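Before any comments, here is the structure.
Read-outs: derived from the displayed coordinates by stated rules, not from any lab. Remember, it's a predicted structure, so these values are computed and weren't measured experimentally. Cβ sites come from the backbone with ideal geometry, for glycine too, and all protein chains shown count toward neighbours.
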Amino acid sequence: MYKIAIVGASTLLGKELKDALAESSLAAADSVLLDEDEGLGQLDQLGDEITFVQPISPDAFEHVDFTFFCGSENLTRKHWREALRAGSTVLDLSGALDSETGVLVRSPWVGAHEVSVDLFTPAVVPAHPAALALALLMERLQQAVRVREAAATVLLPASEFGRGAMDELHQQTVNLLSFQSLPRATFDAQSAYNLLCGFGENAKANLSGMDARIRRQYLALVGRRLASLALQTISAPVFHGHGFSIFVELERPVDLSTLEEALSGEHVDLVLEDTDSPSNLAATGQNDVLVRLRLEPGSRNANESTRMWIWAASDNLRLFAQNAVDCALELRRLRPQGTVQ
């Protein structure tokens with residue numbers, strides 16, 4: 001029997017991870033919910049048991065096999081070495097550790113890893129879901145035909161920046177409709193009914209930091225195996241779900257059916273009907289990336305082209321939690337069951 005700790009259990013991502021663990025083969029593990037400040041003492045449910053969020057005490061990580069950090073970067077930096085010293089395997093979903101020496105950005109969904117996890121790996125960073133979705137789609141395409149170049153615009157929801165961002169987007173929407181002043185503590189800008197490439201100078205949310213994180217982790221996943229990807233991140237006035245607009249130029253003309261076959265497979269749900277569009281709403285609660293393809297017109301043969309567009313959507317929290325659980329399952333081989341090294 002394994003023991004699991006979720007640090008930042010009261011966050012949106014912490015709650016999603018708890019649900020994903022309950023649906024996995026780790027559901028029987030003994031779990032403890034940890035947090036600081038406003039999350040302390042909150043009642044929660046693990047399986048059929050009612051529990052509460054506990055403070056992070058000096059001995060909180062004793063006999064813990066897997067510690068998931070789902071809170072802020074500062075919370076992770078404050079406690080991750082304590083978990084390591086206690087013998088726990090650290091999985092960092094906050095993104096605080098992806099530049100630390102020896103820490104690996106991982107996803108079992110993207111193959112051909114150049115570096116594998118071993119007993120000397122201090123921690124693992126489950127890849128950010130936007131970086132993972134992009135790497136998954138680019139890798140699938142590369143198996144069919146060489147990608148010459150690609151560019152992607154990623155639309156980020158409010159939930160990407162936490163519960164406070166969602167609350168502020170909701171309140172801004174209500175206040176705009178009633179002609180009242182807007183709360184700006186999180187975005188320091190109008191996020192409701194608006195698309196933004198940056199927030200105000202006093203914003204708590206950090207869009208440029210999120211952009212840099214997605215870039216770093218995409219490169220960590222694909223290395224030099226795939227063509228470079230030009231990337232832009234935009235804050236969208238939605239509560240939940242990623243949207244992706246991706247332009248791809250291929251080395252040679254390829255027909256649409258070949259590209260659709262290349263992208264099809266586990267973790268990708270190909271939408272073939274014109275009347276169905278991938279969307280953040282359609283992706284909610286789904287474990288797959290929803291994808292729609294369109295060839296760029298202009299080639300001599302209307303059924304094939306070297307240029308194409310991909311419109312995709314995914315549940316950002318769900319994808320993140322599922323990948324983190326799969327990373328933990330991959331790491332089980334390094335831990336004798338029920339024994340802390």
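Using Cα springs under 10 Å in a Gaussian network model of the chain, which residue among Thr275, Thr51, Thr284 shows the largest mean-square fluctuation?
Of the options given, Thr275 has the highest mean-square fluctuation.
Dipole of region 216-333 (Lys/Arg Cβ +1, Asp/Glu Cβ -1, origin at the Cα centre): which of His242, Gly265, Cys327 lies farthest to the positive side?
It is Cys327, whose Cα lies furthest towards the positive end.
In the chain, what % of DSSP beta bridges are antiparallel (nearest 5)?
Of those bridges, close to 50 percent are antiparallel.
Have a look at the DSSP beta bridges in region 131-316 and tell me what percent are antiparallel, nearest 5.
Restricted to region 131-316, the bridges split so that about 70 percent are antiparallel.
For a quick check: with amide H placed at 1.01 Å from N, whose amide H comes under 5 Å from Val125's, ignoring anything fewer than 5 positions away on the same chain?
Counting only residues 5 or more places away or on other chains, the set is Asp92, Leu104, Val105, Arg106.
Comparing Leu221, Leu177, Leu104, which has the greatest mean-square fluctuation in the GNM of the chain with Cα pairs linked when under 10 Å apart?
Of Leu221, Leu177, Leu104, the Gaussian network model singles out Leu177 as fluctuating most.
What's the longest bit of the chain with no exposed trypsin sites (Lys or Arg not before Pro), using DSSP loop states and at most 12 other Cβ atoms within 10 Å as the test?
1-145
Give me the three principal axis extents of region 222-341 from the C-alpha atoms, as integers in angstrom, largest value leading.
Sorted largest first, the three principal extents are 63, 34, 26 Å.
Just to check I understand the Karplus step: with θ = phi - 60° and J = 6.51 cos²θ - 1.76 cosθ + 1.60, what whole-Hz values come out for region 235-252, glycine and proline as x?
7, 9, x, 10, 7, 8, x, 8, x, 10, 10, 10, 9, 10, 10, 9, 5, 9
Of the candidates Gln180, Gln142, Gln322, which one comes out as most mobile in a Gaussian network treatment of the chain with C-alpha springs shorter than 10 Å?
In this elastic network of the chain, the residue with the biggest mean-square fluctuation among Gln180, Gln142, Gln322 is Gln180.
For the pair Leu84 and Gln142, how long in nm is the line joining their label points, each one 7 Å along Cα→Cβ?
2.9
How long are the semi-axes of the ellipsoid equivalent to the chain, from square roots of 5 times the Cα gyration tensor eigenvalues, in whole Å, largest first?
Three semi-axes, in Å: 34, 26, 17.
In debye, nearest 20, what is the charge dipole magnitude of the chain about its Cα centre with +1 on Lys and Arg Cβ and -1 on Asp and Glu Cβ, if you could check?
900
His267's amide H: which non-local residues (gap 5+, or another chain) put their own amide H closer than 5 Å, with H modeled 1.01 Å from N in plane and none for Pro or chain starts?
Here nothing satisfies the definition.
Separation of region 48-93 and region 224-272 by C-alpha centroid, Å?
Each part's Cα centre sits 35 Å from the other's.
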